[in-house]
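Encoded as structure tokens, the structure appears first; notes follow it.
The values are calculated or read from the model by the stated rules, or taken from the named source; none is laboratory data. Since we're looking at a predicted model, the values are computed, not measured. For neighbour counting, all protein chains shown are included, and Cβ atoms are generated from backbone atoms with ideal geometry for every residue, glycine included. Accessible surface is based on the protein model in full, side chains and every heavy atom, while ligands, DNA and RNA are left aside. Shrake-Rupley method; radii C 1.70, N 1.55, O 1.52, S 1.80 Å.
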Amino acid sequence: MRKNIVAGNWKMNTTVPEGVKLAKEVNKALEGQDVNCDVIICVPFTHLVPVNDAIDANKLGLGAENCADHRSGAYTGEVSAPMVASTGAKYVILGHSERRQYYGETSETLKEKVGLALENGLTPIFCIGEVLEQREDGSYFDVVKKQIEEALFNLSAEDFSKLILAYEPVWAIGTGKTATDDQAQEMHAFIRKTIEDKYGKEVAENTSILYGGSCKPSNAKALFAKPDVDGGLIGGASLDTESFMGIVTAF
Ligand code: PGA
């Protein structure tokens with residue numbers, strides 16, 4: 001059975017003390033709740049160790065927002081998958097549209113990152129999604145299919161089963177313009193079918209596919225009620241405990 005998951009993506013926000021405070025607040029809010037989903041926060045590299053020390057791993061999962069496409073060596077400024085894993089983090093966001101758009105990440109580099117993450121016991125939260133122009137010209141199914149095929153279909157069924165996917169239409173990220181629950185469902189069903197065609201029904205049925213893009217307490221319930229939407233990857237609303245918890249409790 002696939003899991004319901006709500007994951008926060010803090011992006012480049014909060015200093016270390018601010019981040020530790022926020023993580024503690026979220027952890028505390030979860031202590032009093034019986035929630036129906038796994039809850040994860042993905043934080044800047046600098047925050048991983050202190051946040052890991054500050055939270056209860058049984059209540060709140062921890063992830064990074066990226067990792068390098070090499071194992072180690074002369075790559076100044078990069079942070080490798082083994083380094084991320086050594087902090088205690090269990091997850092890593094890969095292929096976020098901001099990484100693709102501003103840092104030139106391609107399917108080729110992402111394929112390396114996914115392989116290294118898995119090799120080091122990290123669960124990738126792999127992001128896919130079309131830009132506005134592709135939504136408008138109708139090529140969005142092809143675009144998303146290609147992103148999955150190019151970066152992930154080299155994996156064995158066993159390795160693919162370890163992934164979490166996140167559909168994030170780029171036009172909905174940070175814009176306040178959410179995909180409708182029907183638009184999300186349509187794409188999530190398509191993604192699941194794409195997985196089924198390659199890896200079979202069991203793998204497809206067991207893959208958690210999250211929706212991301214202006215997800216907030218007011219729209220989370222309708223989105224999560226869709227049969228193929230297994231949770232959310234939350235940017236802006238994950239920086240405020242009350243909003244984030246409003247989404248977590250939408251399940
Ligand atoms: P948003 O970001 O919730 O602020 O739109 C989502 C994301 O980029 O993961």
Relative compactness, the range 85-218, computed as alpha-carbon Rg over 2.2 N^0.38 Å: 1.02
Of all accessible heavy-atom area on the range 35-107, the percent that carbon and sulfur account for (1.4 Å): 49 percent
Amide N proximity, the range 115-159 versus GLU196 label position 7 Å along Cα-to-Cβ, cut-off under 17 Å: 145
Cross-link partners of LYS59 among lysines (Cα-Cα below 17 Å; sequence separation of 8 or more within a chain): LYS3, LYS21, LYS24, LYS28, LYS90
Number of Lys pairs (Cα under 18 Å; 8 or more positions apart or on different chains) in the range 135-251: 13
5 Å-binned pair-distance histogram of the chain (Cα, whole percent): 1, 7, 15, 19, 21, 18, 12, 6, 1, 0
Distribution of pairwise C-alpha distances over the range 1-49, 5 Å bins, in %: 5, 19, 27, 23, 15, 10, 2, 0
HIS70, HIS96, ranked by accessible area, largest first (probe 1.4 Å): HIS70, HIS96
Heavy atoms of LYS28: accessible area, 1.4 Å probe, square angstrom to 10: 150 Å²
Peptide ranges 227-235, 155-163, 19-27 listed from the most packed, as the mean C-beta count within 10 angstrom indicates: 227-235, 19-27, 155-163
Fraction in percent of alpha-carbon pairs per bin - 10 Å, the range 8-151: 11, 37, 32, 17, 2
Solvent-accessible ranking of MET1, MET245, largest area first, probe 1.4 Å: MET1, MET245
The range 165-232 - Kirkwood radius from inverse mean 1/r over Cα pairs (Å): 12.0 Å
Accessible surface, the chain, averaged per residue in Å² (probe 1.4 Å): 45 Å²
Dipole moment magnitude, nearest 20 debye, the chain about Cα centre, only Lys, Arg, Asp, Glu C-beta charged: 360 debye
